[in-house]
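Okay, so here's the structure we're looking at.
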Amino acid sequence: MSNTMQPSRRASIGLEKRERTRLNLIAAAYRVFARKEADAVTIDEIVTEAAIARGTFYNYFQTREEVLTAVAVALSDEMNHSIWAQSAQIEDPAERMAIAIRQFLHQAIRDSTWGWVIVRSGLVAAPLSETIKTGVTTDLEAGIRLGRFQVVNKQAAIDLILGTGLMAMRTILGGHSEPNYPEQITELILKTLGVGEGEAHSIAFQVLEPLQSNRI
């Protein structure tokens with residue numbers, strides 16, 4: 001029995017080692033992308049940061065854009081899972097959307113390295129990851145169905161939310177915003193989607209519980 005299990009165990013160890021190397025590469029790329037513009041980053045810089053051979057890089061990624069996307073996906077997926085856990089029991093899609101927008105923007109205030117990676121990878125990762133677009137789309141569609149949002153073109157509304165959020169994050173990172181800027185942006189988005197002015201303000205400025213999140 002032990003002989004038949006041994007190859008399986010070796011394969012399992014090999015997969016675990018491969019995943020550790022991949023995560024190490026993503027974490028190294030995260031640090032490099034945080035220091036400079038994405039277009040200026042080279043594969044050699046990522047390899048050096050990760051302390052691996054250049055050939056090892058190509059076992060996991062073929063281009064700089066691929067690893068940039070992997071970094072953005074890892075960051076945004078982690079954030080989205082935390083947000084989902086926090087807001088899953090909330091029935092109002094306007095409130096869920098407000099929480100998501102505010103959490104992303106406040107995370108940029110708390111961790112500028114995280115924020116710069118999101119901003120610099122935002123357009124390349126098209127946009128960031130599917131979980132963000134899926135979450136926005138789900139809440140938007142629910143809001144339209146329940147009459148909470150008044151939207152003529154769903155794709156235009158998605159672009160508005162994601163684009164405004166990304167540019168707001170850039171403003172925050174540039175030091176050109178007030179502490180409640182995430183709430184101001186959230187209120188503006190909600191009003192644009194058709195939520196009444198007073199209610200949009202109330203939702204956007206509700207108490208925001210902290211997230212449990214670990215940076216890559």
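The values are calculated or read from the model by the stated rules, or taken from the named source; none is laboratory data. Keep in mind that what you see is a predicted model, and the values were worked out from it rather than measured. Don't worry about glycine lacking a Cβ; one is built from the backbone with ideal geometry, like all the others, and counts go over all protein chains shown. We work out accessible area using only protein heavy atoms, side chains counted, and drop any ligands, DNA or RNA first. Shrake-Rupley method; radii C 1.70, N 1.55, O 1.52, S 1.80 Å.
For Glu78, only one of the following conditions fails: (1) open to solvent by 30 Å² or more (accessible area, probe 1.4 Å); (2) touching a helix residue (DSSP H, G or I) at 6+ places or on another chain (Cβ under 9 Å). What is its number? Result: Glu78 fails condition (2) only. Reported count of residues in region 35-59, each being open to solvent by 50 Å² or more (accessible area, probe 1.4 Å), under 27 Å from Leu15 (Cβ atoms) and either touching a residue at least 24 places away in the same chain (Cβ under 8 Å) or in a loop (DSSP other than H, G, I, E, B) (or both), is 4.
Filtering region 165-201 to residues that are loosely packed, with under 15 Cβ neighbours inside 10 Å, among the small types (Gly, Ala, Ser) and at pLDDT 95 or above leaves Gly196, Gly198.
Which numbered condition in (1) modelled with pLDDT of 90 or more; (2) loosely packed, with under 15 Cβ neighbours inside 10 Å is the only one that His106 fails? The number of the failed condition is (2).
Give region 143-164 a look and list any residue that's in a helix (DSSP H, G or I) and surrounded by 20 or more Cβ atoms within 10 Å (Cβ to Cβ), or say none.
Gly143, Ala157, Ile161, listed by residue number.
Scanning region 93-103 for residues that are more than 19 Å from Ile172 (Cβ to Cβ) and open to solvent by less than 30 Å² (accessible area, probe 1.4 Å) turns up Pro93, Ala94. Screening Val207 against (1) open to solvent by 70 Å² or more (accessible area, probe 1.4 Å); (2) part of a loop (DSSP other than H, G, I, E, B); (3) in contact (Cβ under 8 Å) with a residue 40 or more places away in the chain leaves a single unmet condition, (3).
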